[in-house]
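**Student:** My questions will all concern the structure given below.
The values are calculated or read from the model by the stated rules, or taken from the named source; none is laboratory data. Just so we're clear, the structure is a prediction, and the values are computed from it rather than from any experiment. In this analysis, Cβ positions are derived from the backbone assuming ideal geometry, glycine residues included, and neighbour counts consider all displayed protein chains. These area figures cover heavy atoms from the full protein model, side chains too; ligands, DNA and RNA do not enter into them. Shrake-Rupley method; radii C 1.70, N 1.55, O 1.52, S 1.80 Å.
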Amino acid sequence: MSRRILLSVTAGVVVLGGAGAFALAYAGGRPPALAHSTARYAAPEGDRGGSLAFTTDVTASSGVKNVKVLAWPAKSSFATKGLTVREMVAAETAVCEPAGGDTVRCTYEIPVTRADAEASPRGLWHVAVLATAKNGDTTLNTEAADFTVL
(Lines give C-alpha, C1' and ligand atoms only; values in the text may rest on other atoms or scores of the structure.)
Protein backbone atom coordinates (compact mmCIF):
# COMPACT_ATOMS: atom_id res chain seq x y z
CA MET A 1 0.00 0.00 0.00
CA SER A 2 1.45 3.34 -0.92
CA ARG A 3 2.28 5.87 1.70
CA ARG A 4 -0.16 8.41 0.20
CA ILE A 5 -3.09 6.02 0.43
CA LEU A 6 -2.19 5.08 3.99
CA LEU A 7 -2.04 8.76 5.01
CA SER A 8 -5.37 9.48 3.27
CA VAL A 9 -7.09 6.55 5.00
CA THR A 10 -5.64 7.56 8.38
CA ALA A 11 -6.73 11.18 7.91
CA GLY A 12 -10.23 10.03 6.93
CA VAL A 13 -10.55 7.85 10.02
CA VAL A 14 -9.43 10.72 12.25
CA VAL A 15 -11.92 13.16 10.65
CA LEU A 16 -14.84 10.71 10.81
CA GLY A 17 -13.97 9.70 14.37
CA GLY A 18 -13.81 13.35 15.42
CA ALA A 19 -17.14 14.13 13.75
CA GLY A 20 -18.74 11.14 15.46
CA ALA A 21 -17.39 12.16 18.86
CA PHE A 22 -18.66 15.71 18.30
CA ALA A 23 -22.11 14.42 17.33
CA LEU A 24 -22.25 12.23 20.44
CA ALA A 25 -21.13 15.06 22.69
CA TYR A 26 -23.68 17.43 21.15
CA ALA A 27 -26.55 14.94 21.41
CA GLY A 28 -25.70 14.09 25.01
CA GLY A 29 -25.30 17.72 26.06
CA ARG A 30 -28.75 19.04 25.23
CA PRO A 31 -30.92 19.94 28.23
CA PRO A 32 -34.36 18.37 28.67
CA ALA A 33 -37.07 19.83 26.42
CA LEU A 34 -40.62 20.57 27.59
CA ALA A 35 -43.63 20.37 25.25
CA HIS A 36 -47.42 20.42 25.40
CA SER A 37 -47.60 21.85 28.93
CA THR A 38 -51.15 22.42 30.20
CA ALA A 39 -52.71 23.36 33.53
CA ARG A 40 -56.32 22.89 34.60
CA TYR A 41 -57.74 24.44 37.76
CA ALA A 42 -61.20 23.59 39.10
CA ALA A 43 -62.42 25.44 42.18
CA PRO A 44 -64.37 23.54 44.84
CA GLU A 45 -68.11 23.85 44.35
CA GLY A 46 -70.82 22.65 46.72
CA ASP A 47 -69.80 19.25 48.08
CA ARG A 48 -67.30 18.68 45.28
CA GLY A 49 -63.64 19.34 46.00
CA GLY A 50 -61.48 21.25 43.56
CA SER A 51 -58.22 20.29 41.87
CA LEU A 52 -55.16 21.50 40.03
CA ALA A 53 -53.79 19.27 37.29
CA PHE A 54 -50.65 19.94 35.25
CA THR A 55 -49.29 17.83 32.40
CA THR A 56 -46.17 18.18 30.27
CA ASP A 57 -44.05 16.05 27.93
CA VAL A 58 -40.32 15.99 28.72
CA THR A 59 -37.68 14.72 26.30
CA ALA A 60 -34.08 14.03 27.31
CA SER A 61 -31.64 11.84 25.38
CA SER A 62 -30.10 10.52 28.62
CA GLY A 63 -33.52 9.90 30.17
CA VAL A 64 -35.52 11.94 32.66
CA LYS A 65 -34.48 11.75 36.32
CA ASN A 66 -37.30 13.89 37.77
CA VAL A 67 -39.66 16.77 37.13
CA LYS A 68 -40.48 19.30 39.86
CA VAL A 69 -43.61 21.47 39.71
CA LEU A 70 -44.63 24.67 41.53
CA ALA A 71 -47.78 26.76 41.01
CA TRP A 72 -47.32 30.43 41.85
CA PRO A 73 -49.47 33.58 41.61
CA ALA A 74 -48.42 36.07 38.93
CA LYS A 75 -48.69 38.88 41.50
CA SER A 76 -46.12 37.51 43.93
CA SER A 77 -42.47 38.03 44.86
CA PHE A 78 -41.51 35.37 42.29
CA ALA A 79 -42.71 37.75 39.56
CA THR A 80 -40.12 40.34 40.54
CA LYS A 81 -37.21 38.27 41.84
CA GLY A 82 -37.74 35.18 39.69
CA LEU A 83 -37.62 31.51 40.60
CA THR A 84 -34.29 29.72 40.79
CA VAL A 85 -33.23 26.11 40.32
CA ARG A 86 -32.34 26.02 44.02
CA GLU A 87 -35.91 26.95 44.99
CA MET A 88 -37.42 24.53 42.50
CA VAL A 89 -35.41 21.57 43.84
CA ALA A 90 -37.63 21.74 46.95
CA ALA A 91 -40.87 21.74 44.89
CA GLU A 92 -43.16 18.73 44.57
CA THR A 93 -42.37 15.95 42.10
CA ALA A 94 -44.60 15.08 39.14
CA VAL A 95 -45.35 11.46 38.22
CA CYS A 96 -43.78 10.55 34.86
CA GLU A 97 -44.66 7.66 32.54
CA PRO A 98 -42.95 6.62 29.28
CA ALA A 99 -44.50 8.26 26.20
CA GLY A 100 -42.23 6.82 23.49
CA GLY A 101 -38.55 7.20 22.66
CA ASP A 102 -36.74 9.58 25.00
CA THR A 103 -40.01 11.25 26.05
CA VAL A 104 -42.02 10.90 29.25
CA ARG A 105 -45.44 12.40 30.05
CA CYS A 106 -45.44 13.95 33.49
CA THR A 107 -48.55 14.71 35.53
CA TYR A 108 -48.95 16.62 38.75
CA GLU A 109 -52.34 16.64 40.48
CA ILE A 110 -53.38 18.04 43.83
CA PRO A 111 -56.75 18.47 45.51
CA VAL A 112 -57.94 22.00 46.27
CA THR A 113 -60.07 22.37 49.39
CA ARG A 114 -62.51 25.19 50.01
CA ALA A 115 -60.02 26.65 52.54
CA ASP A 116 -57.22 26.45 49.93
CA ALA A 117 -59.38 28.24 47.37
CA GLU A 118 -60.45 30.98 49.78
CA ALA A 119 -56.84 31.63 50.88
CA SER A 120 -55.44 31.71 47.32
CA PRO A 121 -54.84 35.03 45.58
CA ARG A 122 -57.30 35.69 42.77
CA GLY A 123 -56.10 36.15 39.21
CA LEU A 124 -53.45 34.67 36.96
CA TRP A 125 -51.18 31.87 38.19
CA HIS A 126 -48.18 30.24 36.52
CA VAL A 127 -46.82 26.72 36.77
CA ALA A 128 -43.03 26.49 37.00
CA VAL A 129 -41.24 23.29 35.96
CA LEU A 130 -37.73 22.05 36.64
CA ALA A 131 -36.85 19.00 34.52
CA THR A 132 -33.66 17.13 35.38
CA ALA A 133 -32.12 14.59 32.99
CA LYS A 134 -30.28 11.50 34.18
CA ASN A 135 -27.00 13.07 33.00
CA GLY A 136 -27.60 16.07 35.31
CA ASP A 137 -28.71 18.61 32.67
CA THR A 138 -31.64 20.78 33.76
CA THR A 139 -34.31 22.96 32.18
CA LEU A 140 -36.22 25.55 34.20
CA ASN A 141 -39.35 27.09 32.73
CA THR A 142 -40.95 29.44 35.25
CA GLU A 143 -44.10 29.93 33.15
CA ALA A 144 -44.66 26.54 31.52
CA ALA A 145 -48.45 26.90 31.79
CA ASP A 146 -51.02 29.31 33.23
CA PHE A 147 -54.39 29.10 34.92
CA THR A 148 -56.77 31.57 36.57
CA VAL A 149 -58.19 31.49 40.08
CA LEU A 150 -61.55 33.31 40.09
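**Student:** Consider all pairwise Cα distances in region 37-150 and report the whole-number % of them above 19 Å.
**Tutor:** It works out to 47 percent of all Cα pairs.
**Student:** Need the full-extension length gain, Lys81 to Ser51, defined as separation in residues times 0.36 nm minus the C-alpha distance. One decimal, nm.
**Tutor:** 8.0 nm
**Student:** Here is a further query. Can you give me the accessible area per residue for region 82-129, using a 1.4 Å probe, in Å²?
**Tutor:** On a per-residue basis, 61 Å².
**Student:** Between Thr107 and Lys134, what is the spin-label point distance in nm, taking each point 7 Å from the Cα along the Cα→C-beta axis?
**Tutor:** Those two pseudo-labels are separated by 2.3 nm.
**Student:** Ranked by accessible surface with a 1.4 Å probe, highest first, in what order do Trp72, Trp125 come?
**Tutor:** Descending order: Trp125, Trp72.
**Student:** Of Val129, Val64, which has the most accessible area with a 1.4 Å probe, and how do the rest follow in descending order?
**Tutor:** Largest to smallest exposure gives the sequence Val64, Val129.
**Student:** Using 7 Å Cα-to-Cβ label points, what is the Arg30/Ala90 separation (nm, one decimal)?
**Tutor:** Between Arg30 and Ala90, the simple spin-label model gives 3.4 nm.
**Student:** If you add up the charges near Thr138, with Lys and Arg at +1 and Asp and Glu at -1, over every other residue whose beta carbon is less than 14 angstrom from its beta carbon, what do you get?
**Tutor:** Every neighbour counted, the sum reads +3.
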